[in-house]
Every structure is written in C-alpha cells, then in structure tokens.
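Engineer: Once you've had a glance at the structure underneath, I'll fire off some questions.
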Amino acid sequence: MAVATIAAPFAAALNALQPDAAAPTFARDIAPILFARCVTCHNPGGPAPFSLLTYADARQRATLIATAARNRFMPPWKASRSSGPFVGQHPLSEDEIDRIARWAAAGAPEGDRKHLPQTPRLAEGWQLGKPDLIVSPAEPYTLRADGTDVFRIFVIPLPTRGSRLVRGVEFRPGNPRVVHHANLRLDRTETSRRYDADDPEPGYDGLIAHSAAFPEGHFLGWTPGQVAPLLPKGLSWLLDEGTDLVVELHMRPSGKTEAVRPSIGFYFGDDLPERMPVMLRLGRQSIDIPPGEASYSITDSFVLPVEVEVLAVQPHSHQRARHVTGIATLPDGTTRRLIEIDDWDFRWQHVYRFVSPLTLPRDTTLSLRYTFDNSAGNPRNPILPPRRVVWGQRSADEMGDLWIQLLARSALDRATLVDRIRPKVLAEDVIGFERMIASEPDDVALRNDAAQVYLELGRPAEAVAHFAAAARLHPEAAPGHFNLGTALAVAGRTDEAVDQFRLALRLDPRYGRAYNNLGGILLQRGRADEALHHLREAVRLDRTNVQAHINLADAYAALGQFDLAVRAVEAALRLDPREPASSALRARLSAYRQRQPLTR
Amino acid sequence: MLIQRISIALIAACVMNAPLGAASQLRLPNLRGELVDPLARPASAKAVVVVFLSVACPISNRYAPELRRLHDHFSPRGVVFRLVYPNPAESTEAIRRHLSEYGYRGLALKDPRHELVALVGATVTPEAAVYDANGRLVYRGRIDDLYVHIGLQRPKATSPDLERTLATVLAGGAVQPGTTPAVGCFIADFLR
C-alpha cells in the first residue's frame with residue numbers, strides 16, 4: 001500500500017526535474033484550503049493529533065494530507081455533497097483534492113509568502129460565550145494506553161434550582177486529543193446515578209439507561225470541531241430540577257495513559273419556548289443479516305400528515321453499515337435529499353443541521369435506506385468469520401436509524417404529527433424489545449418496558465404475556481401482579497384480573513392502586529357494595545389518586561348514596577381541575593347533585 | 001527529493017541479498033550524540049528489530065503499547081530492539097520525552113539523512129524491519145494489519161506480522177524474506 005502511494009508522486013516527479021512554476025504552492029493554493037476546512041481541528045491544542053497552521057507543519061505531512069484527502073478520510077464528516085448544505089460541513093471538491101495531490105507531488109513548494117492568506121484567529125475557551133452553569137465529572141478518568149475505542153458513561157447531577165430554560169449546551173472534552181465524541185442525555189430518575197455508583201471507577205461501562213434521553217424534540221451531543229449553535233429564539237427547552245446529565249464519552253487511546261475530564265456549559269434563557277420540535281425516528285429493529293451477506297438493505301418510510309421544517313438529521317448505526325440514504329419525496333414527485341453517506345464510519349457520527357431548514361409540505365414521504373456488509377471481505381466487520389447479526393445496542397449487533405428533527409407550524413399540527421409518529425415508532429420498538437428479550441428472557445425491566453409499549457399500542461394480549469413472565473420471575477413482588485392484572489383487565493379477562501389484584505393485595509395490603517383497580521372492575525360488574533369497600537381503602541391509602549375518587553363517587557351513586565358521591569367528585573375536582581378531565585367530572589357533579597345516575 | 005526516491009528504490013533492491021554476517025557500515029547518532037552501528041549486536045543475539053518511529057505521528061504512537069509488549073516478550077529471548085527516528089526536525093529532547101511518555105523500550109537512534117531508511121526501504125512510521133542472526137534482512141513492513149489504509153482500521157488486527165516473523169526466527173525456522181505494506185506517516189515528507 002505504501003509502495004503504491006510513493007509511486008504516484010515518483011512518476012510525476014520524473015516528468016519535471018526542475019520546480020514546476022505551474023504547480024500549486026502552499027501560500028497561494030493550499031493554505032486557503034487548510035485555513036478554511038482544516039484548522040478548526042488541526043491547531044495547537046485542538047482535537048487533531050497535529051496542527052496544520054504553518055508551512056512547516058504542512059510540508060512535513062504533505063503526502064499524508066494528500067492521501068487523507070484522496071481517501072476522503074479528511075475532512076471526517078461523511079455526509080456527501082449531494083446532501084445538505086449542513087452547518088459546519090465543508091467537504092473538499094474533486095478539484096481541491098487534486099490540487100493538494102499535485103502540490104505534494106511537486107515537492108510541497110511554499111511559493112511566495114505574499115500570497116499567503118491571513119492565519120485564521122481561533123476562538124479560545126467557550127465558543128458560545130460564558131456559560132451560566134459549568135459542570136464536570138467529580139473526578140478525572142484515566143484512559144488506558146492501548147486499544148482502539150473505549151466507551152464510558154459519566155453521570156453528573158445538575159445543581160439547578162427550579163426549572164430552567166436551556167438555549168444551548170457546549171461540551172469541552174478537556175483532553176481533545178483522545179475524546180472522540182460525546183453523547184449527552186438527561187436522566188430524571190436515579191437509574192443512571194445508580195449504575196455509576198455501582199462501578200468503583202469514575203463513570204461506568206455499559207449501556208445508556210432507558211431513562212436517559214434527549215430533551216423532548218432536541219438533539220444533544222458533541223463532535224470535534226463542531227459546536228452545536230445556541231437555539232434560535234422560541235426554541236428553548238425545559239430542564240427540571242434534580243436532573244442528571246449523562247455523558248457517554250467515546251475515547252480513542254493514544255498509546256500512553258491519558259487523563260480525561262470534560263466540562264459542559266449550559267446557557268439559560270428567560271423566554272418560554274414558542275415551539276417544540278418533534279423527533280421522528282426512521283429505522284428497523286428487525287435487522288437480521290446472514291453471515292457472509294455483503295449487501296443487506298433495510299428500508300423505512302413515513303408520510304407527513306402536516307407541513308414541517310426539517311431542522312436536522314442524525315443517522316445512527318454501528319460498524320457494518322456502508323450506505324445511508326434519506327430522501328423526502330414531495331407530493332408533486334420532486335425529491336429532496338435528507339442525508340447521503342457513501343462510506344459510513346461509525347467513528348464519525350454527527351448531528352447534521354441544515355443551514356436553512358428544509359420545508360416539506362403535507363403528504364411528503366420521508367424514506368430511509370441502509371445497506372450493510374456482513375461479509376468476510378468487509379475489514380470493518382467486528383466479528384470474523386462473520387456470524388448472523390441482529391438488531392441490538394451492543395457493538396456486536398447492528399442498528400440502522402435516522403433521527404429527523406421536525407418543526408411543525410402550530411401546536412395543533414405538532415399534536416397531529418406526534419399522534420402519527422408515536423405508534424409508528426412504538427411498533428418498531430416492540431420488535432426491538434422482542435429481540436432483546438429473546439437474548440435476555442429473565443430481564444424483568446425489559447419485560448415491563450415491552451408490556452407498557454404493547455398496552456399503549458392497544459395490544460393487550462402481548463402485554464399480558466410479558467407481565468405474566470415478569471410476575472413468574474418475581475412472584476413475591478406485588479407491583480408485578482398489579483401490572484398483570486391491569487393488562488388482563490384491558491384484555492377483557494376480568495376474572496383473571498381480579499385474581500391478580502387480590503394476589504397483589506395479599507402481598508401488600510397497603511397497595512392503594514390495586515384496591516382502586518379491583519374496585520373498578522367490581523363496580524363494572526355491578527357489585528357496587530363490594531367495590532365500595534375496596535375503593536374506600538384506595539382513597540384512604542392514596543389520597544391523591546384522582547381515578548380512585550371518581551370510582552368511589554360512582555360506587556356511592558350506584559348505591560344511592562348521592563351526598564357521598566358528590567363529596568367524592570368534589571375531591572377529585574380539587575385534585576385535578578384541568579381540562580379535559582374536569583368536564584367529565586362536572587357532568588358527574590351535576591348528575592349526582594340531582595340524585596341521578598350519570599348517563600353515558 | 002527525486003534522487004532520494006531513486007536511491008530508495010535501488011538500495012531496496014539490493015538489500016535482500018546482503019552477505020551473511022555483515023554488520024552495517026552505517027553510523028547513526030544515539031541520544032548522547034555518539035555514533036553507533038544500528039545493526040551491530042551482541043554475538044548471542046538472535047535477531048535485530050528496527051522500528052521507525054516519529055514523535056508526532058498518531059498512528060505510530062498508538063502502537064507504543066504493542067511495541068512495548070513485543071519488546072518485553074522477545075528481548076529476554078535474544079531479540080535486540082532499535083527505535084529509529086528519521087525526522088530531523090525532532091530534537092533529542094523531544095525524542096527523550098517521547099520515549100518516556102509512551103514507555104518505549106529499546107535503543108533510540110536518529111536517522112536524519114535517512115541512511116537506515118534507505119538500507120531497509122522503509123517508507124512510513126511505524127514500520128519495522130527484522131534482521132536475523134546472520135544479519136540478513138528477513139522482514140520489512142507493518143507491525144500488524146490493524147490499518148488497511150489511512151483512515152481505515154480493522155476493529156482488531158488479524159495478522160500479527162512482526163510477532164510471527166520474530167517467533168519464526170527464534171524457532172530457528174527458515175524465514176522467507178518478505179515484506180508487507182505498512183500504513184503510517186510518510187518518511188519522505190520529513191526531509192522536505
């Protein structure tokens with residue numbers, strides 16, 4: 001390989017034994033390219049392993065620069081020029097690549113310094129300005145010297161008081177040479193914190209918790225040389241008190257041990273968001289690639305029910321993907337490219353933000369295609385000889401997703417969009433859940449998560465199956481039986497539901513919600529006096545359970561005790577005066593005050 | 001520039017047929033400035049490994065742990081390691097710091113005029129060469145096949161070429177002189 005690369009400049013040099021006056025020179029032809037496209041990373045102290053700010057830097061690496069440009073290894077972002085334009089993306093043209101090659105072949109001449117453009121001034125410190133809050137992991141992490149890629153997750157409690165509106169997040173790697181990129185998430189539960197505490201070293205090794213997510217509608221993350229801009233006016237997002245920041249670092253060992261301690265800056269604002277973007281995920285969790293298959297494709301699509309602006313896209317896959325294409329086909333048949341990647345590299349993933357948002361009319365079809373290579377001929381294949389590969393979050397598995405950030409024109413349009421997106425995404429999620437459960441059938445949390453999604457999809461039979469498995473795995477846990485009972489009730493299997501609720505109550509006689517659900521079923525069956533006993537317990541144990549007060553009211557009404565029915569409805573209304581629930585409550589109030597049953 | 005490229009090609013053609021037992025005529029400075037024959041070795045040595053390195057080459061630096069491992073395994077078994085720095089812009093002080101930071105083990109030499117580079121036919125850093133007990137060049141090329149080309153790495157190396165060559169030499173097996181393509185920072189650029 002190295003021999004071949006020497007041959008090309010060798011041949012060129014043979015034809016020109018004296019300096020070629022027409023050859024590109026550093027000052028006139030190469031520096032402008034480096035200054036415009038490269039030095040944001042290739043500067044002293046930057047994330048690149050060497051600087052390219054001066055002639056001395058560049059000429060010592062002339063062949064390396066030419067080779068990296070020719071391979072399109074550099075600039076590292078993989079979105080091809082047929083997509084975009086994207087913020088911060090400046091792929092080289094064929095002409096520029098050629099110019100660099102000819103310069104290296106001619107001996108990397110400096111040329112006349114008067115042609116040299118001004119060296120760009122590189123911003124120091126926080127690029128978005130002074131942050132309102134800066135956080136860091138409690139301790140630095142020691143990255144080992146060997147290996148190719150290390151992933152580690154750090155959890156940082158955020159010390160904010162009350163809710164804050166966030167306009168931007170800037171990530172500084174601390175050690176830019178080894179931190180390759182960072183995935184950022186927010187966890188409002190204690191889950192991520194517990195995973196971190198369970199691991200004695202700083203951070204933990206594993207998967208990002210399900211509870212750690214993007215703020216609704218927004219991307220968070222960091223890639224070298226690219227700073228996510230502050231959000232435009234009207235698009236801030238709410239950060240709740242008690243949220244943890246979850247930082248997954250992708251690091252590349254340098255050959256010696258390194259200390260890593262990033263810092264993250266938050267920029268707050270006062271203006272309430274006027275609009276909230278929506279995330280659409282195209283992709284398949286049914287990926288199943290036979291060993292040796294060199295060209296395996298998945299496709300997915302979605303028809304927009306409303307007009308939108310596309311703000312940004314983020315493709316995500318692992319190591320075997322080769323091509324990614326995202327296309328919008330408008331109703332008039334014209335197309336817009338959302339993303340095109342010809343040479344997927346999992347190390348260079350990025351959120352591609354459109355310089356100008358793409359406006360797409362209602363009924364546009366968004367479609368995605370991924371092609372994977374699981375053959376022995378793919379040097380990127382992490383498992384050789386190749387094995388069957390399925391969807392999963394571990395690096396041995398594959399994924400093929402395209403996240404698309406959409407902005408609807410109005411709150412109503414947004415609601416329509418969400419109502420259409422949610423079942424589509426959940427239906428794909430359950431495929432992934434089944435895949436994960438197949439490899440870890442005793443993971444109760446997976447079973448519970450899957451069952452919840454099935455319930456939301458209106459598929460209670462499958463929810464029942466998973467809740468039943470979870471209850472078999474932990475028969476002593478009352479909530480497991482409660483969940484199973486609830487799903488059975490939704491599925492119309494009320495006798496079995498009643499059995500499960502009774503079992504839950506035997507295990508935990510103070511389980512208020514189980515009393516409520518049991519009472520609700522009995523009430524439905526016309527056994528109001530039996531229901532009353534359970535519902536009174538439900539309300540006593542769990543005073544804030546609105547549904548329990550409503551059920552209690554209905555039970556009293558069924559028994560002709562309308563005064564008590566009215567009191568129960570009033571209690572419910574005090575707990576939750578919001579629409580649309582309160583209209584139904586007021587209907588009850590009115591009926592029961594007149595000592596009438598509620599007519600449905 | 002051109003002359004150097006021609007010399008590389010010619011000398012590389014000769015070197016595979018070097019006579020038995022010859023140490024080299026070269027004298028390269030060590031870090032104290034003393035001139036040393038890079039291929040001289042104690043009579044008991046079974047092989048000499050030359051590795052071309054650069055202070056600021058990220059590809060070569062990532063190999064530091066692997067080179068240390070190879071040194072620790074093979075040095076007690078009679079293999080002598082020479083770390084050769086062909087970039088004249090790299091000062092003695094920078095090289096000392098480099099050796100210490102990355103934990104390299106072996107004798108460090110500078111090759112500012114690319115004399116050993118030319119003898120071996122090396123083109124990039126890192127690149128390795130193995131001379132057997134008779135002073136015959138039996139291998140030149142990559143440490144392993146982790147890198148396919150600039151910008152493309154395998155998840156794991158599948159062909160540990162340098163290690164395999166050393167093991168074969170030590171086992172007394174007949175080694176067919178061979179080369180493999182190496183990927184790294186270009187040595188020829190260092191003289192620009």
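Engineer: Give the residue, chosen from B:Arg82, B:Arg77, B:Arg97, B:Arg62, that is within 14 Å of chain A (Cβ to nearest Cβ), at pLDDT 95 or above and closer than 24 Å to B:Ala167 by Cα.
Structural biologist: Working: B:Arg82 fails: within 14 Å of chain A (Cβ to nearest Cβ); B:Arg77 fails: within 14 Å of chain A (Cβ to nearest Cβ); B:Arg97 fails: closer than 24 Å to B:Ala167 by Cα.
Of B:Arg82, B:Arg77, B:Arg97, B:Arg62, the one residue that is within 14 Å of chain A (Cβ to nearest Cβ), at pLDDT 95 or above and closer than 24 Å to B:Ala167 by Cα is B:Arg62.
Each row is one residue, and each column tells you yes or no for (1) buried (at least 21 other Cβ atoms within 10 Å of the Cβ); (2) within 14 Å of another protein chain (Cβ to nearest Cβ); (3) at positive phi.
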| residue | (1), (2), (3) |
| --- | --- |
| A:Arg72 | no, yes, yes |
| A:Pro75 | no, yes, no |
| A:Gly88 | no, no, yes |
| A:Glu94 | no, no, no |
| A:Asp98 | no, no, no |
| A:Ala101 | yes, yes, no |
| A:Ala105 | yes, yes, no |
| A:Gln118 | no, no, no |
| A:Arg121 | no, no, no |
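Engineer: Collect the residues in the range B:138-150 that are out of contact with any Asp or Glu (no Cβ under 8 Å at 6 or more places or on another chain) and either more than 7 Å from chain A (Cβ to nearest Cβ) or not β-branched (Val, Ile, Thr) (or both), keeping them in residue-number order.
Structural biologist: Step one: of the range B:138-150, the residues out of contact with any Asp or Glu (no Cβ under 8 Å at 6 or more places or on another chain) are B:146-150.
Across the range B:138-150, the qualifying residues are B:Leu146, B:Tyr147, B:His149.
Engineer: Got a number for residues in the range A:370-386 being over 13 Å from A:Arg322 (Cα atoms), facing another protein chain (nearest Cβ under 8 Å) and either under 25 Å from the mean Cα position of the chain (by Cα) or not hydrophobic (A, V, I, L, M, F, W, C) (or both)?
Structural biologist: Residues flagged as over 13 Å from A:Arg322 (Cα atoms), facing another protein chain (nearest Cβ under 8 Å) and either under 25 Å from the mean Cα position of the chain (by Cα) or not hydrophobic (A, V, I, L, M, F, W, C) (or both) within the range A:370-386 amount to 1.
Engineer: Just a yes or no: is a residue in the range A:387-407 of a type in the set (Phe, Trp, Tyr), buried (at least 21 other Cβ atoms within 10 Å of the Cβ) and in a loop (DSSP other than H, G, I, E, B)?
Structural biologist: Within the range A:387-407, none of the residues are of a type in the set (Phe, Trp, Tyr), buried (at least 21 other Cβ atoms within 10 Å of the Cβ) and in a loop (DSSP other than H, G, I, E, B).
Engineer: Let me ask another. Inspect all residues belonging to the range A:132-142 and state whether any of them is among the acidic types (Asp, Glu) and either more than 30 Å from A:Asp244 (Cβ to Cβ) or over 25 Å from the mean Cα position of the chain (by Cα) (or both).
Structural biologist: Yes; the residues of the range A:132-142 include at least one that is among the acidic types (Asp, Glu) and either more than 30 Å from A:Asp244 (Cβ to Cβ) or over 25 Å from the mean Cα position of the chain (by Cα) (or both).
Engineer: Can you list the strands (runs of 3 or more DSSP E) lying wholly within the range A:120-220 that have 3 or more residues being in contact (Cβ under 8 Å) with a residue 24 or more places away in the chain and over 24 Å from A:Pro273 (Cβ atoms)?
Structural biologist: A:141-143, A:150-157, A:179-187
Engineer: Identify, please: which residue in the range A:295-314 is surrounded by fewer than 16 Cβ atoms within 10 Å (Cβ to Cβ) and under 15 Å from A:Arg388 (Cα atoms) and is, among those, nearest to the other protein chains (Cβ to nearest Cβ)?
Structural biologist: Across the range A:295-314, the extreme among qualifying residues is A:Ser295.
Engineer: With closer than 30 Å to A:Asp149 by Cβ, in contact with a strand residue (DSSP E or B) (Cβ under 8 Å, 6 or more places away or on another chain) and within 14 Å of chain B (Cβ to nearest Cβ) as the only criterion, which of A:Arg353, A:Arg347 stands out?
Structural biologist: After ruling out the rest, the residue left standing is A:Arg347.
Engineer: Name the strands (runs of 3 or more DSSP E) wholly inside the range A:315-366 in which the number of residues that are surrounded by fewer than 16 Cβ atoms within 10 Å (Cβ to Cβ) and at pLDDT 95 or above is 3 or more.
Structural biologist: Working: elements: A:321-329, A:335-341, A:352-360.
Strands (runs of 3 or more DSSP E) meeting the threshold: A:352-360.
Engineer: Looking only at residues that are more than 12 Å from every other protein chain (Cβ to nearest Cβ), of a type outside the set (Gly, Ala, Ser) and part of a loop (DSSP other than H, G, I, E, B) in the range B:151-192, which one is surrounded by the fewest Cβ atoms within 10 Å (Cβ to Cβ)?
Structural biologist: If we take residues in the range B:151-192 being more than 12 Å from every other protein chain (Cβ to nearest Cβ), of a type outside the set (Gly, Ala, Ser) and part of a loop (DSSP other than H, G, I, E, B), then B:Gln176 is surrounded by the fewest Cβ atoms within 10 Å (Cβ to Cβ).
Engineer: Filter the range A:248-275 down to the residues that are within 26 Å of A:Val310 (Cα to Cα) and touching a residue at least 60 places away in the same chain (Cβ under 8 Å) and list them by number.
Structural biologist: Across the range A:248-275, the qualifying residues are A:Phe266, A:Tyr267, A:Phe268, A:Gly269, A:Asp270, A:Asp271, A:Leu272, A:Pro273, A:Arg275.
Engineer: Can you tell me which residue among B:Ala108, B:Ala128, B:Ala122 is in a strand (DSSP E or B), within 13 Å of chain A (Cβ to nearest Cβ), within 19 Å of B:Asn61 (Cβ to Cβ) and touching a residue at least 60 places away in the same chain (Cβ under 8 Å)?
Structural biologist: Details: B:Ala108 fails: within 13 Å of chain A (Cβ to nearest Cβ); B:Ala122 fails: in a strand (DSSP E or B).
Being in a strand (DSSP E or B), within 13 Å of chain A (Cβ to nearest Cβ), within 19 Å of B:Asn61 (Cβ to Cβ) and touching a residue at least 60 places away in the same chain (Cβ under 8 Å) holds for just one of B:Ala108, B:Ala128, B:Ala122, which is B:Ala128.
Engineer: Of (1) closer than 28 Å to B:Tyr147 by Cβ; (2) at pLDDT below 95; (3) within 13 Å of chain A (Cβ to nearest Cβ), B:Met16 satisfies all except one. Which?
Structural biologist: Condition not satisfied by B:Met16: (3).
Engineer: Scan the range A:149-175 residue by residue and report those that are under 20 Å from A:Phe346 (Cβ atoms) and surrounded by 16 or more Cβ atoms within 10 Å (Cβ to Cβ).
Structural biologist: Those that are under 20 Å from A:Phe346 (Cβ atoms) and surrounded by 16 or more Cβ atoms within 10 Å (Cβ to Cβ): A:Val150, A:Phe151, A:Arg152, A:Ile153, A:Phe171, A:Pro173.
Engineer: Filter the range A:265-288 down to the residues that are closer than 30 Å to A:Met399 by Cα and of a type in the set (Lys, Arg), then identify the one that is surrounded by the most Cβ atoms within 10 Å (Cβ to Cβ). So that I can check it myself, show each step before the final result.
Structural biologist: Filtering the range A:265-288 down to residues closer than 30 Å to A:Met399 by Cα leaves A:276-288.
Next, only the ones that are of a type in the set (Lys, Arg) stay: A:281, A:284.
Numbers: A:Arg281: 18, A:Arg284: 20.
Applying the filter and picking the extreme gives A:Arg284.
Engineer: Can I ask one more? For the condition within 9 Å of chain B (Cβ to nearest Cβ), more than 12 Å from A:Gly225 (Cα to Cα) and either under 34 Å from the mean Cα position of the chain (by Cα) or surrounded by fewer than 19 Cβ atoms within 10 Å (Cβ to Cβ) (or both), what is the one hit in A:Pro49, A:Pro32?
Structural biologist: Just a single option satisfies the conditions, and that option is A:Pro49.
Engineer: Now for a separate question. Filter the range B:46-59 down to residues that are in a loop (DSSP other than H, G, I, E, B) and either under 11 Å from the mean Cα position of the chain (by Cα) or under 24 Å from B:Ala118 (Cβ atoms) (or both) and give me whichever is nearest to the other protein chains (Cβ to nearest Cβ).
Structural biologist: Restricting attention to the range B:46-59, the residues satisfying the condition of being in a loop (DSSP other than H, G, I, E, B) are B:46, B:53-57.
When the remaining residues are screened for being either under 11 Å from the mean Cα position of the chain (by Cα) or under 24 Å from B:Ala118 (Cβ atoms) (or both), the result is B:53-57.
Values: B:Leu53: 11, B:Ser54: 9, B:Val55: 10, B:Ala56: 5, B:Cys57: 8 Å.
Going through the qualifying residues, I end up with B:Ala56.
The values are calculated or read from the model by the stated rules, or taken from the named source; none is laboratory data. Keep in mind that this is a model prediction, so the values were computed, not measured. A quick note on method: Cβ atoms are made from the backbone with ideal geometry, for glycine too, and the neighbour counts reach across all protein chains shown.
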